[in-house]
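Participant: This is the structure I have questions about; it appears just below.
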Amino acid sequence: MVSRAERTPFGEWWWTIDRWLLFSFATLMVAGILFGLAAYPPVANKLGLSTFHFVNRQAIFLVAAGLLMVGTSFLSPRLVRRLALILFMVGLGLVIATLFIGTEIKGAKRWIFIGGFNLQPSEIVKPAFVVMSAWAFSQAMERKDLAILPLAIAFGLLLSVTVPLIRQPDLGQTILVSAVWSAMFFLTGLHILWVLGLMGLGALGLFFAYRFLEHATDRINRFLNKGDADTFNTDQALESFFQGGWFGRGPGEGTVKRSLPESHTDFLFAVIGEEYGAIVCLMVVALFAFIVIRGLIVARESTDPFSRVAAAGLVMLFGLQSFINMAVNLNLIPPKGMTLPFLSYGGSSLLSVGLAAGMLLAVTRRRPKSSLIERHQSYGASASGEPAHA
């Protein structure tokens, strides 16, 4: 046990961190290993690798993501902003570099090979972009007389990220960051006309993506014309849920996963459905929903505009990515090539989610020092004969 009177960095961290969020993230990490033991070995055997190749690598990435999450959660909001600025500049530079020297996989240049590791720079950019946008929006909220400048910076941040993502192309990440950015814009108290305008721009962007991006056209056509197109991935995912039923076939007993492409990344949720059943799937959904709701509640309680907007943006980034992945597995939306946070295999994705979770924990920490300063000032005012206000 850690005493509340302990003034060490760890003691202050333990009593100011939101432990509900912390333990929820830890639960997802442990579940990622358990579910990975069912999903990863068949993929490794198919590729001629050792049976536990992906399991071992995922365990290493999960430890790294956990350390990154805990380490980042010790930062103050100011240091979170500085870290986000550095990561945004480096990550955006790498995203642009992928257009020229990136590794092309399935018609898209989203990865860059660095030091024996295939890195997806857009994953680094996402949490940094959310924090930088939150700073711009919070400045617009605090400086209403000069709000046009920080809003212009926010629009510039959005364009600087979405343009290279569309060029890769990566429509899924573009939609994700645009949706989170729009939600944070809404939280700043914009007029209803702005909401309608952003919705119109989003619909127009999807139309142009469908007309001029072959990658997006193919995926949307396959989703809309299920009987006349190649829908093998989603068909196999749905079959996994049907085979699993309510209680699943048991760990390691699934058969559909052996023929399901990308069962360890994009379609891990379908493997969970086959081996553990719909009840466990609902428990996973409930855990993700709890994190989102808890994060929004803590964000609402924050008195600092930046911390409030940043926390809301980070938790919406986490929740929307989870929703998109699970909706694709259930064939509710076209495939997006997006992982399930903390559960799907992928080094870049895990490090990005660990960073985002750490930033969320950092900006939602209770800051007892500020209340002590206010009490000290109140005491000084009352001692000098001036009225003190709580």
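Participant: Can you tell me which of 237-243, 25-31 comes out highest on packing, and rank the rest after it, using the mean Cβ neighbours within 10 Å? It would help to have the intermediate numbers written out before the result.
Facilitator: Numbers: 237-243: 19.6, 25-31: 17.7.
Sorting 237-243, 25-31 by mean packing, highest first, produces 237-243, 25-31.
Participant: Considering every pair of different Cα atoms, what Kirkwood radius, in Å, is found for region 34-177? If you can, show how the numbers build up before the last one.
Facilitator: Values: mean 1/r = 0.0572 Å⁻¹.
One over the average 1/r among Cα pairs gives 17.5 Å for region 34-177.
Participant: Highest mean first, what order results for 44-51, 156-163 on Cβ atoms within 10 Å? Working shown, then result.
Facilitator: Numbers: 44-51: 12.0, 156-163: 16.6.
Most protected by this proxy first, the peptides run 156-163, 44-51.
Participant: Could you list which residues have their amide H under 5 Å from that of Trp111, counting only those 5 or more apart in sequence or on another chain, with H placed in the peptide plane?
Facilitator: Correct list: Thr103.
Participant: Calculate one ³J(HN,Hα) per residue across region 79-84 by plugging θ = phi - 60° into the Karplus curve 6.51 cos²θ - 1.76 cosθ + 1.60, and present them in order as whole Hz with x for glycine and proline.
Facilitator: Calculated HN-Hα couplings, in order: 5, 4, 5, 5, 4, 4 Hz.
Participant: Quick one: which of Lys109/Lys257; Lys46/Lys257; Lys126/Lys336; Lys46/Lys126 span more than 23 angstrom between C-alpha atoms? Write out the running numbers ahead of the final one.
Facilitator: Numbers: Lys109/Lys257 27 Å; Lys46/Lys257 11 Å; Lys126/Lys336 16 Å; Lys46/Lys126 32 Å.
Correct reply: Lys109/Lys257; Lys46/Lys126.
Participant: A follow-up question, please. Convex hull over the Cα atoms of region 256-299, averaged projected area in nm²?
Facilitator: Numbers: hull surface 13.9 nm².
Average of the hull's projected areas for region 256-299 equals 3.5 nm².
Participant: How much net charge surrounds Val70 when only other residues with a Cβ under 15 Å from its Cβ are counted (Lys, Arg +1; Asp, Glu -1)? If you can, show how the numbers build up before the last one.
Facilitator: Working: positive: Arg19, Arg365; negative: Glu12, Asp18.
With Lys, Arg at +1 and Asp, Glu at -1, the net is 0.
Participant: May I ask you to evaluate 6.51 cos²θ - 1.76 cosθ + 1.60, the Karplus curve with θ = phi - 60°, for each residue of region 127-142 and list the ³J(HN,Hα) values in order in whole Hz, giving x for glycine and proline?
Facilitator: So the Karplus estimates, Gly and Pro as x, are x, 5, 4, 4, 5, 5, 5, 4, 4, 5, 5, 5, 5, 5, 6, 7 Hz.
Participant: Given a 1.4 angstrom probe, what's the average accessible area per residue across region 1-75, in square angstrom? Before the final figure, lay out the partial values.
Facilitator: Working: 3880 Å² over 75 residues.
Accessible surface, normalised per residue, equals 52 Å².
The values are calculated or read from the model by the stated rules, or taken from the named source; none is laboratory data. Since the structure is predicted, the reported quantities are computational estimates derived from the model, not experimental observations. Cβ atoms come from the backbone with ideal geometry, glycine included; neighbour counts cover every protein chain shown. When the accessible area is computed, the model is the full protein with side chains, heavy atoms only, and any ligands, DNA or RNA have been set aside. Shrake-Rupley method; radii C 1.70, N 1.55, O 1.52, S 1.80 Å.
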